[in-house]
Each structure stands twice: as structure tokens, then as C-alpha cells.
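Have a look at the structure below, then the notes.
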Amino acid sequence: MASTVLTPITQALEDGALTRRELKALMRRSDGPALWRLGVWIVAIGGTGSLVWAAMGTAWVWPAMFVHGILMVHHFALQHECVHYTPFKTRWLNDVTGNICGFLIALPHQFFRYEHCDHHTHTQLKGQDPELIELPISLGKYLWYVSSVPYWRAKVQEFARHSLGRVSEHEKAFLPKEAYGAVFREARIMLALYAAILVACIATGWWAPFWYWWGPVLLGEPVMRWIRLTEHVGRPNTRDMRENTRTNLISRPLAFLSWNMNYHAEHHYAASVPFHALPKLHEKLDGYVHVEPRGYLGAHLDILAQLTGRKPRSDAIGDGARGGQEA
């Protein structure tokens, strides 16, 4: 009989590196940290938006929109936390905040919740993880993914499908039938609101939503695609939680933007731990997680080394390395 592989959390508890009392304390939720950070977040968004306003009418408006867009697409990080109901102790605050973030970046919150649940259940397993980003087969494919064109193409197809009351075979694997109605309704409401805003812009000639919202999100999305690659891409397709996820050590400003999701391995090991407690959990799990000390750049250097043949490809090994399509 094969021996059971302990999860990093279980192993740390058995070794005494982490006590159950400490883990319980780390899982404690509170409204305060998220409300404080959300206040700073709104001020930061206002600051980058002011850059766009100041540059309006000049060529500098595009770099300003790009900077503003980097913050805008990071609404994904907050929405991701809200999917887990960890930022706020008050449950409805997670729902409201998550739906607002999802609307801003065109990521339906209810649908994302179902998809992300299966991602945690089948992390990095081909044919099972609905959020799997496969290791690209070439530098061209790598750049194509980072461009975000494939992402937006898939997003348009998803909205069209759900608004017409359809689900793909891929989605049937993680979306229960009783949720179909809510997912379809969510897509229709979001599309109706986007259309109403667009019609209002055309009718009035007031294009602020483009300059401060849609344009920045489109310009900033490649940055989010670049960051998302660092979480699992280049790690083995295996159930072993010590191997399939990467934690990236980054600067405090970047960690602020990501709501500490750079501690991604720790998050996968204990998804009930709120964002503000992840740095402490990281300290407790020293030696139990795969850490990239060079941060996002180091993760990409590792990915590039694999796809250019300077390092063995991680997708050639692991219990989930079969099936799927190459990216």
C-alpha cells in the first residue's frame, strides 16, 4: 500500500512548526484589516485616475491609463479573496465587494466561485483543474498568452454562451445544474449594464468610462496575465501540494496590490486564512512550501528556462501530467 503524503499544513502540525491554536488564530476573520486596506486602495485608485485626468489631451494619457490599469486589474485579487469569504467577517461585505470587483473586470462573481472551488480541489491537474494554465510550448505561445488576447476571446465567448443559456462541456464538470440559472442571470445582468453604459456614452459623448475604466483594464490585463503565470505554471502537474504551487517573495507595494496572494502556496494549503494573516503563516511554514525568492521575475525566468529547453519541463512528470492540450 502506498504511503499517504501529508499536506504541508499537516506535516507542519506534526512537526510542531505550527500548533493548532496558532492555525486557529490565523484563521480568525475580522472586518477591520480589509476595510482599512480598502480605504487605502480607493485612495490609490483615485491617485492613478488623477494621472489620467492630468494627462488628458496629451500622448502621456496612454502611459497614465496603463498605470491606472495595473491597479484596476488587481481588483481580481480582492475578488479572489471574497470568493473565499475571508477578507471580511461580515458575510454580505464579501458578496457585495466581490460582485463590484467582478463587474469592474468582467469576471462574473458567482461563476468564478464555482470555477475556483474546483481549482482548489484539483490544483494543477490536467483535465481536472478548470483554471489550469499550461506551460507554453514556445516563446511565441508564452507571449501570446501574456498579451491577454486569448483571455479576452475566451471571456467574450463565455459571456455569449451564458447569456444564451448555455454551458460548455468543460463547465459542466464544476458547475452544478441548480446553479445554471444564477450564472445565466448574472451574465445577462452584467451585459445589460455594460450595454446601457455604452449607449449612454454614445448618446451624451461622455467617454469617461473608456478613459478611466475600460481602456485601463484592457491595457492592464497583460500585467495580470503575467502575474497569474507565476502561481502554478512551471510547477509539476501533481496533487502534491508541496510541489504544484509557487510562493513569490515580492516588495510590499506589490504585495499590497495582490492582497498578499503572492503567498499563493500558503493560501492553497489553508484557504481559510485571511489575506492579512498569510505573511505570518508563511513564517510558520518556512521549509514546507516552494518559494521563489526572486519574485515574479524569478518565476518567469524559471518558466522561460523550461520552455526554451534549458531546464526539464515540469509538465513531463507528475500524477496529473496526462491529458489536456498544450498552451
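Observations on the structure shown:
- Listed by first and then second residue, the pairs linking a residue in the range 106-128 that is part of a helix (DSSP H, G or I) to a residue that is β-branched (V, I, T), with Cβ atoms under 8 Å apart and 6 or more places separating them unless they lie on different chains, are H109/V83; Q110/V183; F111/V183; F112/V83; R113/V83; Y114/V183; H116/V83.
- Filtered residues of the range 194-211 (kept if within 28 Å of P63 (Cβ to Cβ) and either crowded, with 18+ Cβ neighbours inside 10 Å or of a type in the set (G, A, S) (or both)): A200, G205, A208, W211
- Yes/no for L198 being touching a residue at least 24 places away in the same chain (Cβ under 8 Å) and either more than 17 Å from I105 (Cβ to Cβ) or not β-branched (V, I, T) (or both): no
- Residue selected from the range 261-272 under the condition buried (at least 24 other Cβ atoms within 10 Å of the Cβ) and not small (G, A, S), by the criterion nearest to I42 (Cα to Cα): N262
- Set side by side, the residues F103, F88 differ, and just one is aromatic (F, W, Y), more than 12 Å from the chain's Cα centre (by Cα) and surrounded by fewer than 23 Cβ atoms within 10 Å (Cβ to Cβ), which is F103.
- Total residues in the range 259-312 satisfying the condition of being in contact (Cβ under 8 Å) with a residue 60 or more places away in the chain and among the polar types (S, T, N, Q): the figure is 3.
- Any hit, the range 130-137, residues being modelled with pLDDT of 95 or more, over 16 Å from the mean Cα position of the chain (by Cα) and surrounded by fewer than 17 Cβ atoms within 10 Å (Cβ to Cβ): no
- Close pairs (8 angstrom Cβ cut-off, 6 or more residues apart or separate chains): free of Cβ contacts under 8 Å to residues at least 24 places away in the same chain in the range 211-224, surrounded by fewer than 21 Cβ atoms within 10 Å (Cβ to Cβ) and acidic (D, E) anywhere: none
- Hits in the range 238-258 - residues which are crowded, with 18+ Cβ neighbours inside 10 Å, aliphatic (A, V, I, L, M) and assigned to a loop (DSSP other than H, G, I, E, B): M241, I250
- For the range 173-188, residues that are touching a residue at least 60 places away in the same chain (Cβ under 8 Å) and surrounded by 15 or more Cβ atoms within 10 Å (Cβ to Cβ) total 6.
Quick grid of which residues meet (1) of a type in the set (S, T, N, Q); (2) touching a residue at least 40 places away in the same chain (Cβ under 8 Å); (3) assigned to a helix (DSSP H, G or I); (4) crowded, with 18+ Cβ neighbours inside 10 Å:
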| residue | (1), (2), (3), (4) |
| --- | --- |
| Y145 | no, yes, yes, yes |
| A154 | no, no, yes, no |
| R161 | no, no, yes, no |
| G165 | no, no, no, no |
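- For G215: the one exception among (1) touching a Gly at 6+ places or on another chain (Cβ under 9 Å); (2) crowded, with 24+ Cβ neighbours inside 10 Å; (3) small (G, A, S): (2)
- Scanning the range 48-69 for residues that are among the β-branched types (V, I, T) and either without any contact (Cβ under 8 Å) to a residue 60 or more places away in the chain or crowded, with 19+ Cβ neighbours inside 10 Å (or both) gives T48, V52, T58, V67.
The values are calculated or read from the model by the stated rules, or taken from the named source; none is laboratory data. Given the structure is predicted, the values throughout are model-derived calculations rather than measurements. FYI the Cβ positions are ideal-geometry reconstructions off the backbone, even for glycines, and counts take in every protein chain you see.
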